[in-house]
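One structure is given here, and the rest of the page talks about it.
The values are calculated or read from the model by the stated rules, or taken from the named source; none is laboratory data. Computed from a predicted structure; not experimentally measured. Ideal geometry is used to build each Cβ from the backbone, glycine not excepted, and the neighbour counts take in all protein chains shown. What goes into the accessible areas is simple: the full protein's heavy atoms, side chains included, and nothing from ligands, DNA or RNA. Shrake-Rupley method; radii C 1.70, N 1.55, O 1.52, S 1.80 Å.
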Amino acid sequence: MTDKATFKKAIGNALKEHAFQKKGQSWYLYGPDCIVVLNLQKDDFSDLYYVNFGIWLLPLGKAEYPPENHC
């Protein structure tokens, strides 16, 4: 099992290589028609993390950092 800091750093490094930008626990990739959102969510009862994935379609409205639960 990997500790929290190592896990988050590994995810962050991989996403940075693909032009994602970090804000809080979320990573954003801006495209011409949409914004891809990846969010790390810690389980309340264990040390597990979940990866939430969302896509914000820009024709539906402008958003700089849309929360993953609005995508």
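Figures for the structure shown
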read-out: Of all residues making up region 20-57, the number that are in contact with a Phe, Trp or Tyr (Cβ under 8 Å, 6 or more places away or on another chain), outside any strand (DSSP E or B) and of a type outside the set (A, V, I, L, M, F, W, C); value: 1
read-out: Unmet criterion (only one of (1) acidic (Asp, Glu); (2) touching a residue at least 40 places away in the same chain (Cβ under 8 Å); (3) open to solvent by 90 Å² or more (accessible area, probe 1.4 Å)) for Glu68; value: (3)
read-out: Hits in region 19-32 - residues which are touching a strand residue (DSSP E or B) at 6+ places or on another chain (Cβ under 7 Å), more than 16 Å from His70 (Cα to Cα) and open to solvent by 60 Å² or more (accessible area, probe 1.4 Å); value: Ala19, Gln21
read-out: Qualifying residue in region 51-59 (condition: aromatic (Phe, Trp, Tyr), open to solvent by 90 Å² or more (accessible area, probe 1.4 Å) and free of Cβ contacts under 8 Å to residues at least 12 places away in the same chain); value: no
read-out: Selection status of Phe7, open to solvent by 100 Å² or more (accessible area, probe 1.4 Å) and among the hydrophobic types (A, V, I, L, M, F, W, C); value: no
